[in-house]
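Asks: Got a structure for you, written out below as structure tokens; questions coming shortly.
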Amino acid sequence: MSITKDDVKYIAALARLKLTEKETEYFTGQLSSIIDYIDQLKELDTRNIEPTTHPMPMQNVFRPDIVKPSLNADDVLKNAPAKENNLFKVPRIIEES
């Protein structure tokens, strides 16, 4: 399969890109090289290779979720500009419709 200039112009139009004639020619060559390489990869025998989602082994890096003592609510609200029911009070930012 080869890429034509019309293919590149069509793709550029879909992406709303304006390409010069020189850019169109340049990308036609690049995309053709990519497609040719993909065609080479199709020739590989992969019957005995297990499908993978990642090329490297993956492991979970999350730490266990451990509950720790937190700050005292009175200390946290001590310098609050406004508070109500032991919570920060902030100005409304979303208007009701």
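The values are calculated or read from the model by the stated rules, or taken from the named source; none is laboratory data. Since the structure is predicted, the reported quantities are computational estimates derived from the model, not experimental observations. Neighbour counts run over all protein chains shown; Cβ positions are idealised from the backbone, glycine included. To get the accessible areas, we keep the full protein, side chains included, count just its heavy atoms, and leave off ligands, DNA and RNA. Shrake-Rupley method; radii C 1.70, N 1.55, O 1.52, S 1.80 Å.
Asks: Evaluate the following for Ser70: is it more than 30 Å from Ile11 (Cα to Cα) and out of contact with any helix residue (DSSP H, G or I) (no Cβ under 7 Å at 6 or more places or on another chain)?
Replies: yes
Asks: Could you list, in sequence order, all residues of region 79-97 that are assigned to a loop (DSSP other than H, G, I, E, B), on the phi < 0 side of the Ramachandran plot and open to solvent by 100 Å² or more (accessible area, probe 1.4 Å)?
Replies: Residues satisfying the conditions are Asn79, Pro81, Lys89, Val90, Pro91, Arg92, Ile93, Ile94, Glu95, Glu96, Ser97.
Asks: Among the residues of region 82-93, are any at pLDDT 90 or above, more than 26 Å from the chain's Cα centre (by Cα) and aromatic (Phe, Trp, Tyr)?
Replies: Checked against the condition, which is being at pLDDT 90 or above, more than 26 Å from the chain's Cα centre (by Cα) and aromatic (Phe, Trp, Tyr), region 82-93 yields at least one hit.
Asks: If you take just the helices (runs of 4 or more DSSP H) that sit entirely in region 1-78, which of them hold at least 3 residues that are hydroxyl-bearing (Ser, Thr, Tyr), open to solvent by 100 Å² or more (accessible area, probe 1.4 Å) and touching a residue at least 24 places away in the same chain (Cβ under 8 Å)?
Replies: In region 1-78, there are no helices (runs of 4 or more DSSP H) which contain 3 or more residues that are hydroxyl-bearing (Ser, Thr, Tyr), open to solvent by 100 Å² or more (accessible area, probe 1.4 Å) and touching a residue at least 24 places away in the same chain (Cβ under 8 Å).
Asks: Right, next: Cβ-Cβ below 9 Å, separation at least six or inter-chain, first residue in region 84-97 and closer than 12 Å to Asp74 by Cα, second open to solvent by 100 Å² or more (accessible area, probe 1.4 Å) and in a loop (DSSP other than H, G, I, E, B): which pairs?
Replies: Phe88/Pro81
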